[in-house]
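Structure record follows, encoded as structure tokens.
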Amino acid sequence: MIKLQNKLFPELTIKQYFVLYHYSMGKSSRIIEDELNCSRTTIEKHLFNIRVKFNCDKSSELRTIFFMRVIDNLIN
């Protein structure tokens with residue numbers, strides 16, 4: 001999975017990638033914090049930093065970016 005992360009999301013750290021992955025799967029911050037064993041504040045900070053990197057106003061836009069990159073990878 002790390003190779004895929006490096007290919008599709010080279011601008012993200014591995015932790016940011018996993019937060020984005022779980023968030024894109026529709027999981028709440030509370031569930032993500034349990035699965036990744038970190039605080040909700042940390043999850044929210046990662047989501048904020050990811051939004052800044054992708055120049056997004058809303059976290060919901062991140063799901064679109066995630067799935068567009070995954071789909072593009074499957075097609076190409």
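The values are calculated or read from the model by the stated rules, or taken from the named source; none is laboratory data. As the structure is a computational prediction, the values presented were derived from the model and not from experiment. Methodologically, a virtual Cβ is constructed for each residue, glycine included, from the backbone with ideal geometry; neighbour enumeration extends over all protein chains shown. To get the accessible areas, we keep the full protein, side chains included, count just its heavy atoms, and leave off ligands, DNA and RNA. Shrake-Rupley method; radii C 1.70, N 1.55, O 1.52, S 1.80 Å.
May I ask you to list the residues in the range 54-74 that are within 15 Å of residue 26 (Cβ to Cβ), of a type in the set (S, T, N, Q) and over 10 Å from the mean Cα position of the chain (by Cα)? Matches in the range 54-74: 60, 64.
For the range 43-59, the set of residues classified as without any contact (Cβ under 8 Å) to a residue 40 or more places away in the chain, open to solvent by 60 Å² or more (accessible area, probe 1.4 Å) and at negative phi consists of 44, 45, 48, 52, 57, 58, listed by residue number. Among residues of the range 19-42 being under 14 Å from residue 62 (Cβ atoms) and in a helix (DSSP H, G or I), the one that is most open to solvent (accessible area, probe 1.4 Å) is 21. Taking the range 21-66 as the range and being among the basic types (Lys, Arg) and more than 18 Å from residue 5 (Cα to Cα) as the test, the residues that pass are 27, 30, 40, 45, 58. Taken over the range 1-13, residues that are open to solvent by 50 Å² or more (accessible area, probe 1.4 Å) and either under 16 Å from residue 69 (Cα atoms) or in contact with a Cys (Cβ under 7 Å, 6 or more places away or on another chain) (or both) amount to 8.
Screening residue 72 against (1) in a helix (DSSP H, G or I); (2) of a type outside the set (S, T, N, Q); (3) surrounded by 11 or more Cβ atoms within 10 Å (Cβ to Cβ) leaves a single unmet condition, (3).
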